[in-house]
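Here is the structure we will look at, set down as C-alpha cells.
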Amino acid sequence: FALAGVSTSGGVWLVKTDADGNMQWNKTYGGGTAHSLIQTSDGGYALAGEIIPSGAAQDFYVVKTDADGNMQWSRTYGGEHTDVAHSLIETSDGGFAIAGHTGWLFQDFLLIKIDADGNMQWSRTYGGEDSDIAYSLVETSDGGYALAGESSSFGGLWLVKTDADGNMMWNRTYGGANIDIARSLVETSDGGYAIAGRTLSFGAGSNDFWLVKTDSSGKMEWSQSYGGEGDDRAESLVESTDGGFILAGVKDAVRHQWDGHPIGGNFLLVKTDASGKMEWNRTYGGDSVAWAKSVVQTSDGGYTIAGENSGDFWLIKTDEYGIVPE
C-alpha cells in the first residue's frame with residue numbers, strides 16, 4: 001500500500017508498505033500537504049495538495065515520483081488567491097487533472113488539466129456568489145470530467161459535469177434545509193454517479209453519512225443516510241465488486257476544546273447493497289482520536305482503510321466483512 005499526507009515534521013509525506021503493512025520506505029517533499037495520491041501508469045506516484053510559496057497565498061502543489069518515491073518533478077499552480085487541490089486523477093491521454101478550490105473570501109470550484117510533465121493545458125472555474133469547494137474528481141466514460149463538493153451558492157452537495165475541455169455541460173445540487181457536503185465521487189458501473197459525504201438535513205444525528213445515487217444525467221435515483229446521534233462524516237467511497245458501496249469516515253467526532261473544530265473519533269466503515277441498504281458497519285479505534293480519510297477494496301475482496309490516529313498515519317486491513325482477522 002501507499003499512503004500520503006503531511007508529516008508532523010513538515011512537508012508532504014509518502015509512505016510505501018508491503019502487503020502486511022510493514023513500511024518499506026518513506027519520502028518527504030517540500031513544505032506542503034498532500035490531499036490526494038494515485039499510482040501512475042508508469043509505476044510511480046503522483047500527489048496533489050497545497051503549498052504556501054514564500055510571501056504568497058496557497059497554491060496547488062503536484063509532485064510526480066518514480067516507483068521508489070524519488071521525485072521526478074513538482075509544480076505549483078495558482079494566482080494571487082488561495083488555491084487548494086483536493087483530488088488528482090491520471091487522465092486517458094497520460095496527463096493529469098486536479099480539482100479543488102480557488103478564492104479568497106469566497107471560493108469557486110477549480111479544475112486544472114496538465115500534461116504528463118506537469119505543463120498546464122487549461123484551467124476552469126465553476127461557482128456562484130458564495131463559496132463552492134470541489135473535493136472529488138473523476139474522468140467520465142465519455143472523456144469528460146465530473147466534480148463533486150459543497151456549495152453555499154446553490155445549497156448542498158454540488159455535482160458538475162464537463163466535457164473533455166472542461167466546459168460545463170450540466171450541474172445538479174442535492175440537499176435539504178441544513179448543511180450537506182460531498183466528499184467523494186465515483187462513476188458507477190451503470191453509467192451513473194454515487195456521491196458520499198455528510199448530511200444535517202436527512203440524518204438522525206448532528207451529522208450522518210450520506211450516500212446519493214444518480215443516473216448518468218445527475219438525476220437523483222435514491223439517497224440513504226447512516227449514523228447515530230453523534231457526529232458521523234463520510235470521507236471516502238468505492239463501488240464494491242458485488243455492485244454495492246463501501247463508505248469510510250469518522251464516527252462520533254469529538255471537538256477541539258478551544259475552537260470547537262471536529263478532530264476525530266473512531267473509524268467508521270459502512271457496507272451497502274446496490275440500492276444503498278446497509279448490510280453491515282464496523283468501527284475501529286476505541287479510545288483513540290482517529291479519522292478515516294480513504295478506503296480501497298483489495299484484490300482478496302477485503303478492504304483497507306487509511307487515516308490518522310492520534311497524530312500518526314493509521315492503516316487497517318480487513319476481510320470482506322470488515323473484520324480485522326488478527
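Projection of the Cα convex hull of the range 204-293, averaged over all directions and equal to a quarter of that hull's surface, yields 6.6 nm². Were the residues from Asp142 through Met169 laid out at 0.36 nm apart, the gain over their Cα-Cα distance would be 8.5 nm. Counting every alpha-carbon pair across the range 91-166, the share separated by more than 20 Å comes to 28%. Label-to-label distance, Ser92 versus Trp104, with points set 7 angstrom from Cα along the beta-carbon direction: 4.0 nm. Per-residue Karplus couplings for the range 67-79, computed as 6.51 cos²θ - 1.76 cosθ + 1.60 with θ equal to phi - 60°, are listed in order as 5, 9, x, 6, 5, 9, 6, 9, 9, 10, 9, x, x Hz, Gly and Pro entered as x.
Antiparallel versus total DSSP beta bridges in the range 186-248: what percent is that, nearest 5? Looking only at bridges with both residues in the range 186-248, the antiparallel portion is about 95 percent.
Taking the average, over residues, of other Cβ atoms within 10 Å as the packing measure, peptides 88-96, 153-161 rank 153-161, 88-96 from highest down.
Oblate is the label for the range 32-159. Its Cα gyration tensor axes, ordered a ≥ b ≥ c, give a/c of at least 1.5 and b/c at or above a/b. Ranked by the mean number of other Cβ atoms within 10 Å per residue, highest first, peptides 130-136, 9-15 order as 130-136, 9-15. Near Val15, once Lys and Arg are set to +1 and Asp and Glu to -1 for all other residues with Cβ below 11 Å from its Cβ, the sum equals +1.
Please find, in a Gaussian network model of the chain (springs between Cα atoms separated by less than 10 Å), the residue of Ala204, Ala48, Ala19 whose mean-square fluctuation is greatest. Looking only at Ala204, Ala48, Ala19, the largest GNM fluctuation is found for Ala19. Secondary structure note: in the range 193-295, about 95% of the DSSP beta bridges are antiparallel. Distances between every pair of Cα atoms in the range 12-80, grouped in 5 Å steps from 0 to the bin holding the largest one, split as 4, 17, 26, 23, 14, 8, 4, 2, 1 percent.
Between the amide H of Thr91 and those of Phe96, Ala97, distances stay under 5 Å, these residues lying 5 or more places away or on another chain, with hydrogens modeled in the peptide plane. Taking amide hydrogens as placed 1.01 Å from N in the peptide plane, the amide H of Gly264 sits under 5 Å from those of Val254, each at least 5 positions away in sequence or on another chain.
With the charge dipole of the range 165-245 set up from +1 on Lys and Arg Cβ and -1 on Asp and Glu Cβ about the Cα centre, the Cα lying farthest toward the positive end among the listed residues Thr188, Thr199, Gly228 is that of Thr199. Proximity of backbone amide H atoms, modeled 1.01 Å from N, is registered between Asn178 and Ser201 at under 5 Å, excluding neighbours fewer than 5 places apart on the same chain. If the segment from Asp215 to Ser7 were pulled out straight at 0.36 nm per residue, it would be longer than the present Cα-Cα gap by 70.9 nm. Annotation: average projected area of the chain is 16.0 square nanometres, based on the convex hull of Cα atoms across all directions.
Residues in the range 154-164 carry Karplus couplings, in order, of 10, x, x, 5, 10, 10, 10, 10, 10, 8, 5 Hz; the curve used is 6.51 cos²θ - 1.76 cosθ + 1.60 with θ = phi - 60°, and Gly or Pro positions show x.
Cβ-Cβ distance of Ile179 and Asp259, R₀ of 22 Å, FRET efficiency by 1/(1 + (r/R0)^6): the value works out to about 0.80. Overall, the chain carries a charge dipole of about 340 debye about its Cα centre when +1 sits on the Cβ of Lys and Arg and -1 on the Cβ of Asp and Glu, all other atoms neutral. The modelled label-to-label distance between Phe202 and Asp18, using points 7 Å beyond Cα along the C-beta direction, is 4.5 nm. Plainly put, the range 146-273 has a radius of gyration that is 0.99 times its Kirkwood radius, both from alpha-carbon atoms, as the Rg/Rh ratio.
For the pair Asp319 and Asp300, the difference between a 0.36 nm per residue extended length and the Cα-Cα distance amounts to 6.0 nm.
Since every read-out is calculated from the coordinates, none of them should be taken as a lab result. Everything numeric here is computed off the predicted structure, so don't read it as measured data. All Cβ positions, glycine included, derive from the backbone under ideal geometry; neighbour counts span all protein chains shown.
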